[in-house]
1. Can you name the number of the only condition in (1) touching a residue at least 40 places away in the same chain (Cβ under 8 Å); (2) in a helix (DSSP H, G or I) that Val191 fails?
2. Could you please find all residues in the stretch 99-133 being basic (Lys, Arg) and closer than 25 Å to Asn76 by Cα?
3. Of the residues Phe113, Phe74, only one is touching a residue at least 40 places away in the same chain (Cβ under 8 Å), among the hydrophobic types (A, V, I, L, M, F, W, C) and on the phi < 0 side of the Ramachandran plot; which?
4. Among the residues that make up the stretch 161-182, is at least one of them assigned to a helix (DSSP H, G or I), among the small types (Gly, Ala, Ser) and free of Cβ contacts under 8 Å to residues at least 40 places away in the same chain?
5. Among (1) farther than 22 Å from Leu224 by Cα; (2) modelled with pLDDT of 95 or more, there is one condition Glu192 misses while meeting the rest; what is its number?
6. Which number in (1) crowded, with 21+ Cβ neighbours inside 10 Å; (2) within 18 Å of the chain's Cα centre (by Cα); (3) hydrophobic (A, V, I, L, M, F, W, C) marks the one condition that Val155 misses?
7. Among residues belonging to the stretch 182-229 that are out of contact with any strand residue (DSSP E or B) (no Cβ under 7 Å at 6 or more places or on another chain) and of a type in the set (A, V, I, L, M), point out the one that is surrounded by the fewest Cβ atoms within 10 Å (Cβ to Cβ).
8. Checking Pro144 against (1) within 21 Å of Arg199 (Cβ to Cβ); (2) at pLDDT below 95, which single condition isn't satisfied?
Amino acid sequence: MSGFDDAFDNIDQDFHTHCATGRTIGPPKGYRELINRPPWLSDKLLILSNPRYKSSGDVTQTSGEIEMSETTIFFNSKSKGPDALLSNFARTPIWWDGVAFGSGEEAYQWAKFYKVDPTTAARVLAARSPAEAKRIGQMGTMNPKWDVEVFVGGVKRPRKCHVMRRILLRKAQQNQNVRDYLLSTGDAQLVEFAPWGDRFWGVDKNKYGNNWLGRLWMEVRAQLREENK
């Protein structure tokens, strides 16, 4: 599991090597994508525009009230349209350092525990759904470095955000339908709508929060766009 050790001790090495070489980090030979391109990708995309919000460009705030742009795509685990792919609960297989996960949520919850609580990590791997993996992840002994802010590529943010970014990147690289939809969103602002009150990864019903998941998706989108040039 040395690669996962790198995710905590030298988390930026893999990502920045990828940026410098343009190399696509994918699953090993023989790993087959499990989800085919859905038919709605050729249809008109569901872009949500809310007239209550004034245009202010991309999200630049690190906390507090999020200013929405005229074209904003809201997503969460309850989404029914193509934007559901952006949720960590979307059943999109991810291969990461020799471990296969059924969703981004399962990969994220497993990464929290594998170094310090192998029993909980094993329970996450055995989870039957992303929701179950999340519930298990609220019970174990989490890596004490998980919330510590670290610099990666000159950017300081919580370690868990760097790990999440790597998970999202692999999700888009290894699932063509996710990659195609993400790129098709253009410059739309991506916001995880979390009315249940998660102000770290998303925004609450009052549009207040950090929206880290949406911001990380926009970073991954920009990287994929650069790779296509």
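The values are calculated or read from the model by the stated rules, or taken from the named source; none is laboratory data. Nothing here was measured: the structure is a model prediction, and the numbers come from that model. Cβ sites come from the backbone with ideal geometry, for glycine too, and all protein chains shown count toward neighbours.
1. Exception for Val191: condition (2).
2. Within the stretch 99-133, the first condition is being basic (Lys, Arg), and the residues that meet it are 112, 115, 123, 128.
Listed by number, the residues that qualify are Lys112, Arg123, Arg128.
3. The unique qualifying residue is Phe74.
4. Filtering the stretch 161-182 down to residues assigned to a helix (DSSP H, G or I) leaves 161-174, 176-182.
Going one step further and asking which of them are among the small types (Gly, Ala, Ser), we end up with 172.
Okay, now just the ones that are also free of Cβ contacts under 8 Å to residues at least 40 places away in the same chain, so none.
The answer is no, given that none of the residues of the stretch 161-182 is assigned to a helix (DSSP H, G or I), among the small types (Gly, Ala, Ser) and free of Cβ contacts under 8 Å to residues at least 40 places away in the same chain.
5. Only one criterion in (1) farther than 22 Å from Leu224 by Cα; (2) modelled with pLDDT of 95 or more is unmet by Glu192, namely (1).
6. Looking at each condition in turn, Val155 falls short on (1).
7. Step one: filter the stretch 182-229 for residues out of contact with any strand residue (DSSP E or B) (no Cβ under 7 Å at 6 or more places or on another chain), giving 182-184, 186-187, 195-198, 200, 204-206, 210, 212, 215-216, 219-229.
Subset that is of a type in the set (A, V, I, L, M): 182-183, 216, 220, 222, 224.
Numbers: Leu182: 22, Leu183: 14, Leu216: 22, Val220: 23, Ala222: 12, Leu224: 17.
Taking the candidates together, the pick is Ala222.
8. If we test Pro144 against (1) within 21 Å of Arg199 (Cβ to Cβ); (2) at pLDDT below 95, just (1) comes out false.
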